[in-house]
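Enquirer: Take a look at this one; I'll ask things after.
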Amino acid sequence: MKNIHIILVETTHPGNIGASARAMKTMGLYSLRLVNPKIFPSADATVRAAGADDILSEATLHETLADAVGDCKFVYGTSTRKRNLQCEVLSPVSMAGEISKFIYDNVNIGIVFGRERTGLTNTELDLCDKMIAIPANPAFSSLNLASAVQIVCYEVMKAFSVNEQTTMIDMPKVIPVERAELERFYAHLEQCLIDVEFLDPDKPRRLMRRLKQMFNRIGMDQNEYNMMRGVLTAIQEKIRQR
Ligand code: SAH
């Protein structure tokens, strides 16, 4: 499970970082990525890690979520709220079942957790392929950050131990391109849409967000990615010739 990265975005309380590290280690997960934590390292974090300080000392620091998920092929964002998003919302069990299929494939997977008070921004959610919502009391659905990490890691651990024991049916697997590559595709797509005057940069509306959500849902693999980049380049060349 070394390729599963738990990513905490702008955590305010260092104690929550420590408690999340502890939650991870109890479930056999080790890779922690921190995006702009308010205070880190911190004695509070170490105390709450209660022996999981190895995870804290190996945690990597990132300035943006885009940087933290750049090498990931699947990115899941956790959220208590169902916003007006077109992306799939999974339970922790379904997400764990999905990622456990990649147990032998060495693909990087990111699971993103938001700020204590405000969760994740829309721009951050756009970097996620799918959402995870932990089923909870609809009138009181916001768990403590480390408790949310615990539940998600528990499901991952359970799914992986089951999959390790059973021989998996050899289903064809689509392994998407890395996030950083996908972001380059989005920039190319945007430029191309401006070139063909479908997108007005002064009045962009929600076009790029909706296109990103659509492509996030598809999860393009490397061949599809190369093909789409080729399509965009061909369109741009034709415009230039004219
Ligand atoms: N007021 C914030 C709550 C943040 S709770 C909001 O509405 O978004 C801090 C983080 O814990 C969340 O960003 C999410 O990563 C995780 N979390 C808490 N409860 C959750 C739930 N029921 N399902 C999924 N993630 C949850």
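The values are calculated or read from the model by the stated rules, or taken from the named source; none is laboratory data. Everything numeric in this text was worked out from a predicted model, so none of it was measured. Here Cβ is always computed from backbone atoms with ideal geometry, including for glycine, and neighbour counts include all displayed protein chains. Remember, those area values only see protein heavy atoms, side chains included, never the ligands or the DNA or RNA. Shrake-Rupley method; radii C 1.70, N 1.55, O 1.52, S 1.80 Å.
Enquirer: Taking the stretch 104-134, which residues are more than 14 Å from the chain's Cα centre (by Cα) and open to solvent by 40 Å² or more (accessible area, probe 1.4 Å)? Reasoning before the result, please.
Expert: Residues of the stretch 104-134 more than 14 Å from the chain's Cα centre (by Cα): 104-106, 115-118, 134.
If the condition is that a residue be more than 14 Å from the chain's Cα centre (by Cα) and open to solvent by 40 Å² or more (accessible area, probe 1.4 Å), then TYR104, ASP105, ASN106, ARG115, GLU116, ARG117, THR118 are the ones that fit.
Enquirer: Still on this structure, I have one more. Select from the stretch 135-148 the residues that are open to solvent by less than 30 Å² (accessible area, probe 1.4 Å) and near the ligand (Cβ under 8 Å from one of its atoms) and write down the one among them that is nearest to PRO37 (Cα to Cα).
Expert: If we take residues in the stretch 135-148 being open to solvent by less than 30 Å² (accessible area, probe 1.4 Å) and near the ligand (Cβ under 8 Å from one of its atoms), then LEU145 is nearest to PRO37 (Cα to Cα).
Enquirer: For MET208, indicate whether it is open to solvent by 80 Å² or more (accessible area, probe 1.4 Å) and either charged (D, E, K, R) or part of a helix (DSSP H, G or I) (or both). Walk me through how you get there before you give the answer.
Expert: Numbers: open to solvent by 80 Å² or more (accessible area, probe 1.4 Å): no; either charged (D, E, K, R) or part of a helix (DSSP H, G or I) (or both): yes.
Considered against the rule, which asks whether it is open to solvent by 80 Å² or more (accessible area, probe 1.4 Å) and either charged (D, E, K, R) or part of a helix (DSSP H, G or I) (or both), MET208 comes out as no.
Enquirer: Filter the stretch 122-141 down to the residues that are among the hydroxyl-bearing types (Ser, Thr, Tyr) and either assigned by TED's automatic domain parsing to the domain that holds ILE218 or touching a helix residue (DSSP H, G or I) at 6+ places or on another chain (Cβ under 9 Å) (or both) and list them by number. Give the steps one after another, and end with the answer.
Expert: Step one: list which residues in the stretch 122-141 are among the hydroxyl-bearing types (Ser, Thr, Tyr), which gives 123, 141.
Selection gives THR123 alone.
Enquirer: State which residue is nearest to PRO135 (Cα to Cα) when the search covers only the stretch 89-122 and only residues that are touching a residue at least 24 places away in the same chain (Cβ under 8 Å), within 13 Å of the ligand (Cβ to nearest atom) and assigned to a loop (DSSP other than H, G, I, E, B).
Expert: Applying the filter and picking the extreme gives SER91.
Enquirer: Conditions first: (1) open to solvent by less than 40 Å² (accessible area, probe 1.4 Å); (2) within 12 Å of the ligand (Cβ to nearest atom); (3) of a type outside the set (Gly, Ala, Ser); (4) modelled with pLDDT of 95 or more. CYS153 passes all but one, so which condition is the exception?
Expert: So the condition that CYS153 fails would be (2).
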